[in-house]
Amino acid sequence: MRPLVIALGIVMLAGCAITPVMQDDPSRAGNVGVTDITRFVPANARIVLAENETFLVAIDDAANAPPVYPEALLARQLPPRTVCLSVGIAEDGQVISSTPVDQSPDCPGPDAVEAAFFAAAAQAVQGWRYDPALRCVFPDAMTKADANASCSGGREVAQAVSLAYRFVFEQRDGRGSVRMSQ
């Protein structure tokens, strides 16, 4: 049986649930969509779990507010802009860093996008909270199999991680709107 590979620098998960963003919130001039972009994690940023270990990803708090479209840019009627950030999360679930990600054509770097979009995304994520990521260490592989996607029967070890997000800032009919991108 092959060991499970988990990204240490950026957690790589397919089909992660991401907090929904309200698309018709009249109190906002602009909204932002969030989507998981962790498929770009480099192999050298991954850890390998032992046969008796599992990993539970950090879960974002439902109260985490999305970034706000910069009001000063609404009048410019810009085409959609994509901003990708790597968000560092400490063992206690606090955000400890956010840095631009520009490792693919889907994630243009800070030189290609107005700085106000990166600033809005960084400001929003700085206040986010998470339930911490956990490495679950079980006495043996059989106990791990019985845990059924939990740490039941194992020892929970909080794990600092980074999650990557792609924020898409766009406008429709002169108003900011949300689009989830893949």
Pair list, Cβ < 8 Å and 6+ apart or interchain, from region 104-133 residues that are within 17 Å of Pro79 (Cβ to Cβ) to residues that are among the polar types (S, T, N, Q) and surrounded by 13 or more Cβ atoms within 10 Å (Cβ to Cβ): Asp106/Thr82; Asp106/Ser181; Cys107/Thr82; Pro108/Thr82; Val113/Thr82
Filter result (at pLDDT below 90 and closer than 22 Å to Ala147 by Cβ) within region 82-100: none
Yes/no for Gln103 being at pLDDT below 90 and out of contact with any Leu (no Cβ under 8 Å at 6 or more places or on another chain): yes
Count - residues of region 61-81 that are within 30 Å of Gln159 (Cα to Cα) and either out of contact with any Phe, Trp or Tyr (no Cβ under 7 Å at 6 or more places or on another chain) or modelled with pLDDT of 90 or more (or both): 6
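The values are calculated or read from the model by the stated rules, or taken from the named source; none is laboratory data. Bear in mind that the values here come from a model prediction, so they are computed numbers and not experimental data. Virtual Cβ from ideal backbone geometry, glycine too; neighbours counted across all protein chains shown.
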